[in-house]
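In what follows, a structure is listed as structure tokens, so that the remarks can point back to it.
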């Protein structure tokens, strides 16, 4: 699998759309009052596609994989913040479940991509 630009990478596309979803949901009145959580959840969401892009631009599989792991860590952190947001009744159950599924899909996609790159690096 060869990419000419990071924008072609499916997991980058998925995480970009997910970041937009997070920005939309954090516009609600609850997040407006909780600036710290709003800022942190948005930073995590932006961190995922940003680290994919940065790693790709390093032009080294080793560096790329390292940045994909950082993205995966941000996805886990974001998932935790979704739970906290739900616990605080900032987001309703249905929205929480949708966002949780998207975060898990992002993590799975990152894991699969990392495995693919690690395997291709050994060959």
When you scan segment 48-63, do you find a residue that is outside any helix (DSSP H, G or I), more than 19 Å from residue 118 (Cβ to Cβ) and either modelled with pLDDT of 95 or more or touching a strand residue (DSSP E or B) at 6+ places or on another chain (Cβ under 7 Å) (or both), even just one?
no
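Conditions tested, residue by residue: (1) touching a helix residue (DSSP H, G or I) at 6+ places or on another chain (Cβ under 6 Å); (2) loosely packed, with under 13 Cβ neighbours inside 10 Å.
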residue: 69; (1), (2): no, no
residue: 81; (1), (2): yes, no
residue: 93; (1), (2): no, yes
residue: 96; (1), (2): yes, no
residue: 109; (1), (2): yes, no
residue: 112; (1), (2): no, yes
residue: 117; (1), (2): yes, no
In the set 28, 4, which member is more than 15 Å from residue 109 (Cβ to Cβ), modelled with pLDDT under 95, over 12 Å from the mean Cα position of the chain (by Cα) and surrounded by fewer than 15 Cβ atoms within 10 Å (Cβ to Cβ)?
4
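Can you say whether residue 67 is without any contact (Cβ under 8 Å) to a residue 24 or more places away in the chain and more than 16 Å from residue 6 (Cα to Cα), as far as the supplied structure shows? Write out each step before concluding.
Values: without any contact (Cβ under 8 Å) to a residue 24 or more places away in the chain: yes; more than 16 Å from residue 6 (Cα to Cα): no.
Answer is no for this residue.
Looking only at segment 113-123, count how many residues are in contact (Cβ under 8 Å) with a residue 12 or more places away in the chain and within 16 Å of residue 72 (Cα to Cα). Even if it seems obvious, please write down each step before you answer.
Initially, segment 113-123 is screened for residues in contact (Cβ under 8 Å) with a residue 12 or more places away in the chain, giving 113-114, 116-118, 120-121.
Filter again for within 16 Å of residue 72 (Cα to Cα), leaving 113-114, 116-118.
Number satisfying all stated conditions: 5.
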Working only within segment 84-103, note down all residues that are more than 15 Å from residue 34 (Cα to Cα) and assigned to a helix (DSSP H, G or I).
93, 94, 95, 96, 97, 98, 99, 100, 101, 102, 103
Please count how many residues of segment 18-45 are closer than 19 Å to residue 77 by Cβ, in contact (Cβ under 8 Å) with a residue 12 or more places away in the chain and either in a helix (DSSP H, G or I) or in contact with a helix residue (DSSP H, G or I) (Cβ under 8 Å, 6 or more places away or on another chain) (or both).
15
So, residue 88, is that one surrounded by fewer than 20 Cβ atoms within 10 Å (Cβ to Cβ), more than 17 Å from residue 10 (Cα to Cα) and touching a residue at least 40 places away in the same chain (Cβ under 8 Å) or not?
yes
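Among 103, 74, which is in contact (Cβ under 8 Å) with a residue 60 or more places away in the chain and within 10 Å of the chain's Cα centre (by Cα)? Lay out the reasoning, then the answer.
Details: 74 fails: in contact (Cβ under 8 Å) with a residue 60 or more places away in the chain.
Checking each option against the conditions leaves just 103.
The values are calculated or read from the model by the stated rules, or taken from the named source; none is laboratory data. Only a predicted model underlies this, so the values are computations on that prediction, with no experimental measurement involved. Cβ: placed from backbone, ideal geometry, glycine included. Neighbour counts: every protein chain shown.
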